[in-house]
Amino acid sequence: MTRSVLDLWRHFLQHPSRGEIETFRDRRLRALVRHAHARVPYYRDLFDESGLDIEGFRGVADLERIPVTTRQTLQSLAPDQILARGYEPSRLVQRWSSGSSGQKLTVRRTWLEDRTLAAFRKRAEHEVGVRPRDRMARVTLERGVSPNDAQWPLKMLQSLGLFRYLSIDCLADPTSAIESLRAYRPDVVGGFPGAITRVAEAAGEEGLRDLGVRLIVVGGETLRPEMRRRMETAFGARIVEKYGTIEFDLVAMQCPQGEQLHVCDDGLILEILRGSEAVETGAQGEVVVTGLHSWAMPLIRYRIGDVATKGLARCPCGAPSSTIHSVGGRTLDYFALPDGRLIHPFALTTPMLDAHPWIRQYQLTQERTDHLVLRVVPWDAPSPGLLEEVKQQYSKILGSEVTLDIRLLDELRPEASGKFRLSQSLVRPHHDEFDWERVEDLASDWERR
Ligand SMILES: [Zn+2]
């Protein structure tokens, strides 16, 4: 254990080259696989049943020999099946990963593991320009502190003027969020892009440029181009996209010089798969992650349920990272149509937003296989002709079997999670296997950027 911690910190402090990262990953993965086989009942059975050669396991090159594990599988198992022997659950930090399905997975790690993952995030934040002395306003959901999550080290740093932040409740009224921002005068704003966009819109014509916010780091839900534009205009700040999950903390952070995201390659191994096949650069697939620093509750080839587009193997900026081109929501978001196709709702809403600037906010719900409801908050009341145009646009993509009901509203509220769900299907059965053969309209995401 001590050796493993020293190995990690030595690696962390040396600004590793790509070759060093690869050697480090292989070493960590070999140790993790052995650890999981020896001490975690679920993985012992999984590895044995799949005939995995534990002693001969070389590293990342052998990763595909391990079967993928889904969130549903881990949810269905008792803690003693998925925790490593020797870790006392009541002494671990617990975090809850909600997921769109509403089922929660309890993720447990030691305090040191939890801080290690946070250190990878801090390093990436530093690379995009966040400084330790910056004041940060976080527009998120206040989750409270997990019982074993000791806060004194952070408090001590904050008393020295480092890592200071203010939490702003993302469920609060945007005007009160603006008051809090004005009083705190942050250098950096972080949080859910939907909630920050709402704040940006509430600021009206005069915007929030006088606050002097330098950087906005957003994550936790899909960042849409229109959100990016509205935040940039209101704050006059650079927008940086972060892809993180409760299970792994930081997964990827936008390149300081480009739009693709740098994968946190020394914190985890990220694969983008369709079925069991890795996709090519530019193609979309499901995100499967192996955490290299979670030993209390190992997550090996864990399918998060997110969809992403694979980017270049190395970032053109020269960083030693592989890249994700874009993160595109969750597999559960796809709509199953009466003709058997699966389409992502962005295939409907992206052309709609391009053609209809009067739409301020929207939420698209598939209520039946053949019936969608589009809730819209308009900037100005649209004419009946415009509504008809929207319907025709949808019907061109969906076919005539599917009907659309448009409801104009004064406001759309975030969910209890603080996120604005842009789309939701109430009918798609919860498939364990996502059938990529039926998916339509995938290439557009790569071409648009
Ligand atoms: Zn880069």
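Would you call LEU63 of a type in the set (A, V, I, L, M, F, W, C) and part of a loop (DSSP other than H, G, I, E, B)?
It is false that LEU63 is of a type in the set (A, V, I, L, M, F, W, C) and part of a loop (DSSP other than H, G, I, E, B).
Looking at the stretch 10-27, can you tell me whether even one residue there is of a type in the set (S, T, N, Q), in the same structural domain as CYS264 (by TED's automatic domain parsing) and either surrounded by 15 or more Cβ atoms within 10 Å (Cβ to Cβ) or part of a helix (DSSP H, G or I) (or both)?
yes
Taking the stated definitions as given, is ALA124 in contact with a helix residue (DSSP H, G or I) (Cβ under 9 Å, 6 or more places away or on another chain) and small (Gly, Ala, Ser)?
no
I need the full set of residues from the stretch 103-153 which are assigned to a helix (DSSP H, G or I) and more than 20 Å from the chain's Cα centre (by Cα), in order please.
If the condition is that a residue be assigned to a helix (DSSP H, G or I) and more than 20 Å from the chain's Cα centre (by Cα), then TRP111, LEU112, TRP152, PRO153 are the ones that fit.
Identify all residues within the stretch 166-185 that are under 17 Å from ASP134 (Cβ atoms) and touching a Phe, Trp or Tyr at 6+ places or on another chain (Cβ under 8 Å); write none if there are none.
Of everything in the stretch 166-185, just one residue is under 17 Å from ASP134 (Cβ atoms) and touching a Phe, Trp or Tyr at 6+ places or on another chain (Cβ under 8 Å), namely LEU166.
Exactly one condition in (1) touching a residue at least 40 places away in the same chain (Cβ under 8 Å); (2) in the same structural domain as VAL307 (by TED's automatic domain parsing); (3) away from the ligand (no atom under 13 Å from the Cβ); (4) touching a Leu at 6+ places or on another chain (Cβ under 7 Å) is not met by PHE235; state its number.
(2)
Quick one: GLU259 ticks every box in (1) in a loop (DSSP other than H, G, I, E, B); (2) farther than 20 Å from GLU226 by Cβ bar one, so which box is it?
(2)
Which one of these is without any contact (Cβ under 8 Å) to a residue 12 or more places away in the chain, not aromatic (Phe, Trp, Tyr) and not assigned by TED's automatic domain parsing to the domain that holds LEU348: GLY318, GLY267, GLY311?
GLY318
Any idea which of (1) within 16 Å of the ligand (Cβ to nearest atom); (2) acidic (Asp, Glu); (3) closer than 28 Å to THR349 by Cα is the one GLU205 doesn't satisfy?
Condition not satisfied by GLU205: (1).
Has the stretch 181-188 got any residue that is more than 19 Å from GLY418 (Cβ to Cβ), in contact with a helix residue (DSSP H, G or I) (Cβ under 8 Å, 6 or more places away or on another chain), surrounded by fewer than 18 Cβ atoms within 10 Å (Cβ to Cβ) and not hydrophobic (A, V, I, L, M, F, W, C)?
Within the stretch 181-188, one or more residues are more than 19 Å from GLY418 (Cβ to Cβ), in contact with a helix residue (DSSP H, G or I) (Cβ under 8 Å, 6 or more places away or on another chain), surrounded by fewer than 18 Cβ atoms within 10 Å (Cβ to Cβ) and not hydrophobic (A, V, I, L, M, F, W, C).
Given the conditions (1) more than 23 Å from TYR43 (Cβ to Cβ); (2) surrounded by fewer than 16 Cβ atoms within 10 Å (Cβ to Cβ), and given that PRO89 satisfies all but one, which numbered condition is not satisfied?
Against the list (1) more than 23 Å from TYR43 (Cβ to Cβ); (2) surrounded by fewer than 16 Cβ atoms within 10 Å (Cβ to Cβ), PRO89 comes up short only on (1).
Go through the stretch 255-286 and give me each residue that's surrounded by fewer than 17 Cβ atoms within 10 Å (Cβ to Cβ) and within 12 Å of the ligand (Cβ to nearest atom).
The answer is PRO256, GLN257, GLY258, GLU259.
Restricting to the stretch 184-198, and then to whatever is out of contact with any Cys (no Cβ under 9 Å at 6 or more places or on another chain) and in a helix (DSSP H, G or I), can you tell me which residue is modelled with the highest pLDDT?
Within the stretch 184-198, the match that is modelled with the highest pLDDT is TYR184.
If only one of SER50, SER98, SER17 is modelled with pLDDT under 90 and of a type in the set (S, T, N, Q), which one is it?
None of the other options fit; the residue is SER98.
Count, please, the residues in the stretch 241-251 that happen to be within 14 Å of the ligand (Cβ to nearest atom) and in contact with a Cys (Cβ under 6 Å, 6 or more places away or on another chain).
0
Restricting attention to the stretch 300-323, and to residues there that are buried (at least 23 other Cβ atoms within 10 Å of the Cβ) and aliphatic (A, V, I, L, M), which single residue is farthest from the ligand (Cβ to nearest atom)?
ILE300
List the strands (runs of 3 or more DSSP E) inside the stretch 282-384, counting only whole elements, that have at least 1 residues being closer than 30 Å to LEU112 by Cα and modelled with pLDDT of 95 or more.
Fully inside the stretch 282-384 and qualifying: 284-291, 302-310, 323-330.
Output the residues belonging to the stretch 325-377 that are of a type in the set (Lys, Arg) and crowded, with 18+ Cβ neighbours inside 10 Å.
ARG330, the sole residue that qualifies.
The values are calculated or read from the model by the stated rules, or taken from the named source; none is laboratory data. Everything quoted here is computed from the prediction, not taken from an experiment. Every residue, glycine among them, receives a Cβ derived from its backbone with ideal geometry; neighbour counts consider all protein chains shown.
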